[in-house]
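Participant: Questions regarding the structure given below will be posed in turn.
FYI, it's all coordinate maths here, none of it is from the lab. Only a predicted model underlies this, so the values are computations on that prediction, with no experimental measurement involved. Neighbour counts run over all protein chains shown; Cβ positions are idealised from the backbone, glycine included.
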Amino acid sequence: MAIRVRFAPSPTGFLHIGGARTALYNYLFARHNNGKFILRIEDTDEVRSTEESVLAILQGMKWLGLDWDEGPVLNKDGRIDLIGDYGPYLQSKRIGMYQKYIDKLVTEGKAYKCFCTTDELVKKRELANKEKRPPKYDNTCRNLTEEQIKNFEKQGKKSVIRFKNSGEGQTVFDDVIKGRIVFENNLLDDFVIVKSSGVPIYNFAVVLDDYLMKISHVIRGDDHISNTPRQIMLYKALGFELPQFAHIPMILGSDGARLSKRHGATSVLAYKDMGYLPEALVNYLALLGWATSDSQQLFKFDELIKKFDLKDCNSSAAIFDDKKLIWMNGEYIREKSLDEFTKIALPILQNANLVKNDINKEELENLKKILILEQEKVKLLTDLPELFGFILKDKIEYNEIDIEKFFKKDPEKTKNILENIKVEMAKLNDFTTENLESLFREYAEKNNLKTGQVFHPVRLATSGKMKGPSLFHYLEILGRKKAIERIDYSLTNFFK
RNA sequence: GGCGCAUUGGUCUAGUGGCUAGGACGCUGCCCUCUCAAGGCAGAAAUCACGGGUUCGAACCCCGUAUGCGCUACCA
């Protein structure tokens, strides 16, 4: 059988971390097996679904690099096109396709119209809860006569359609990840499959869509396990062949609760804004619930495709820990070529007003020389302005603590050092890293100073901070003029 | 309440009857060094949730218990 899998988010918000991992596992499974990966939007919740959410999901998927073979895609005009032979891929556009199956179930007596109102049902449910009975539907409308139905309809009463659950036996299925799962059918009631609006409920729509789209493996979050028996009943009633089910465990927040807003960002695109690389997020997410037996940590994208297997997926929920993600992000940044890194860094630095927007080729080359100084220590792209600001900016800031520690401990001596160094720097032939280094080292030696006694104050005076790239390397880039100006500034402002 | 799923260092995990329980993140220390990182080395950290079985032998198999999470809608 051809492998066809789908990621089927409901557009009620952004693509979140949990959804992204589900999408990723589907994607990896499809690509590994040369199957098709389908994106289907489950927008049968007329109240909560929005078009912006559809767009946001598409953008999130795109950023992660998960491309799909069938489904909605963004065209050049920013509108949504539906691509593929099993469409439409928006559930709301498929409603007409469902009628045939609804009729079939009703005429075969496997489903029936129910005229109970929401109010009535809510009351009954509350009562059941109070009496500690399972809040199951009481089958009021199960055996309505043709007449009664006509009568209700004449009165203008709205109806839903319920599936008639025999309540006999068990529903058993072998989950690819969780193993055999057994449910007693009598625990389930006659659940609604079509709303009074005529729109099918999720559990019904998925079954129909997965069947019509010839989905071979349903890979989804394990919060759907309890829905599966309902769906299997429907498959059987409709005479459809069952797909393989694979339920992947949830992602939890740091406190072990279901990941939600209060744990911070959960939207994939928010991770973009926080300075993460998509390949880092993908790698991290892949590893959250899946592992190889050799515990490999870093995977190239195609390596992920090659090695991924549903059978190696874990069955227990995992806590999302951004410490490891941050580490991974650093790994991926370090791995970039200078050109790639520059391409990524440029817009961020421009956004922070550290680089102008109409940068020319020569300026770009200069920027590269700066970027190479710190690439290896970048963890998040958002660190970039802080890391490079002191070179890119004209004016720098100094902080009190450093001034106290490195200027004012021994002000006379330090002032003297800075003055001498300034003079030497002015005299230096070529203002290069090599020349600067020998100048500094010779000066320290001649004056019986430890190198740090010279390097530290100069670092503070010229960069405004005590961390940063190699002193001589950045001085060369900073240039003689700026370096001397900054020392002058320090001399006049911090040594009164 | 009922049902389902889960439970290996702080976190992610390897492991499927015999191991000093392996790796990664994080943490600590050392080396490198002009600082910060990166890198290298070393280390601390797990009575494998608990209690019973089965077995010569159990993290691994079985049964309970506890805890966490999920479902129990005209949400998906």
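Participant: What are the equivalent ellipsoid semi-axes of chain A, built from the alpha-carbon gyration tensor (square roots of five times its eigenvalues), in whole angstrom, biggest first? Provide the component values of the computation, followed by the final result.
Facilitator: On the way: eigenvalues 852, 97, 86 Å².
Taking √(5λ) for each eigenvalue gives 65, 22, 21 Å, largest first.
Participant: Further question: Return one number: the angle in degrees, 0 to 90 and rounded to the nearest 10, between the long axis of the Cα atoms of helix A:361-374 and the longest principal axis of the Cα atoms of chain A.
Facilitator: 90
Participant: Nearest 10 degrees, 0 to 90: what angle lies between the long axis of helix A:118-130 and the longest principal axis of chain A (Cα atoms)?
Facilitator: 80
Participant: Right, here's the next one. Work out from phi, with θ = phi - 60° and the Karplus expression 6.51 cos²θ - 1.76 cosθ + 1.60, the ³J(HN,Hα) of each residue of region A:45-58, listed in order in whole Hz, and give x for Gly and Pro.
Facilitator: Values, residue by residue: 8, 4, 7, 9, 6, 9, 6, 4, 5, 4, 4, 4, 5, 4 Hz.
Participant: Tell me which residues come under 5 Å, amide H to amide H, from A:His217 once H is placed; ignore anything under 5 positions away on its chain.
Facilitator: A:Arg4, A:Gln244
Participant: For A:Lys361 and A:Ser316, compute 0.36 nm times the residue count separating them, minus their Cα-Cα distance, and round to one decimal in nm. Before the final figure, lay out each step's value.
Facilitator: Details: separation 45, 0.36 × 45 = 16.20 nm, distance 5.19 nm.
This chain segment gains 11.0 nm when fully extended.
Participant: Which residues' amide hydrogens lie under 5 Å from the amide hydrogen of A:Leu82, considering only partners 5 or more residues apart or on another chain, with H built in the peptide plane?
Facilitator: A:Val73
Participant: Residue by residue through region A:256-267, which ³J(HN,Hα) values in whole Hz follow from phi under the Karplus form 6.51 cos²θ - 1.76 cosθ + 1.60 (θ = phi - 60°), with glycine and proline marked x?
Facilitator: Here the 3J(HN,Hα) series is x, 8, 3, 4, 8, 3, 6, 8, x, 5, 10, 7 Hz.
Participant: Next question, about the same structure. Helix A:433-446 versus the longest principal axis of chain A: what is the Cα-based angle in degrees, 0 to 90, to the nearest 10?
Facilitator: The answer is roughly 50 degrees.
Participant: Let me ask something else. Hey, what number do you get for chain A at 222 nm if only DSSP H runs of n ≥ 4 count, each worth -39500 (n - 2.57), divided across all residues, to the nearest 500?
Facilitator: Details: 19 runs with 228 residues, N = 496.
Computed ellipticity for chain A at 222 nm equals -14500 deg cm²/dmol.
Participant: Stokes-Einstein D for region A:449-496 at 10 °C, 1.306 mPa s, Kirkwood Rh over Cα pairs, in µm²/s? Please list the in-between numbers first.
Facilitator: Details: Rh = 11.0 Å.
Diffusion coefficient, whole number: 144 µm²/s.
Participant: What are the ³J(HN,Hα) values, in whole Hz, obtained from phi via the Karplus relation 6.51 cos²θ - 1.76 cosθ + 1.60 with θ = phi - 60°, for each residue of region A:156-172 in sequence order, with x given for Gly and Pro?
Facilitator: x, 6, 7, 9, 10, 10, 10, 7, 8, 8, 4, x, 9, x, 10, 10, 10
Participant: Same structure, new question: Below 19 Å, Cα to Cα, which aspartates and glutamates can A:Lys164 reach? Residues fewer than 8 away in the same chain don't count.
Facilitator: Cα-Cα hits under 19 Å: A:Asp103, A:Glu108, A:Asp138, A:Glu146, A:Glu184, A:Asp189, A:Asp190.
Participant: Within chain A, which is the longest segment containing none of the GluC sites (Glu not before Pro) that sit in a DSSP loop and have at most 13 other Cβ atoms within 10 Å?
Facilitator: Values: sites that count: A:Glu46, A:Glu108, A:Glu131, A:Glu168, A:Glu241, A:Glu397.
Longest stretch, sites excluded: A:242-396.
Participant: Taking every DSSP beta bridge that has both residues in chain A, what percent is antiparallel when rounded to the nearest 5? Show your work: numbers first, answer last.
Facilitator: Details: 20 of 34 bridges.
For chain A, the DSSP antiparallel bridge percentage is about 60.
Participant: Which percentage, to the nearest 5, of the DSSP beta bridges contained in region A:94-248 is antiparallel?
Facilitator: Working: 13 of 18 bridges.
The antiparallel fraction comes to roughly 70 percent.
Participant: Cysteines without a disulfide-compatible partner in chain A, using Cβ under 4.7 Å as the rule?
Facilitator: Here A:Cys116, A:Cys313 come out as lacking a disulfide-compatible partner, given the Cβ-Cβ threshold of under 4.7 Å.
Participant: Going 7 Å from the Cα of A:Asp223 toward and past its Cβ, which residues in region A:299-330 have a backbone nitrogen under 16 Å from where you end up?
Facilitator: A:317-320
Participant: Any chance you could check the Cα centroid distance between region A:329-381 and region A:212-249 for me, in angstrom?
Facilitator: Here the two parts' Cα centres lie 47 Å apart.
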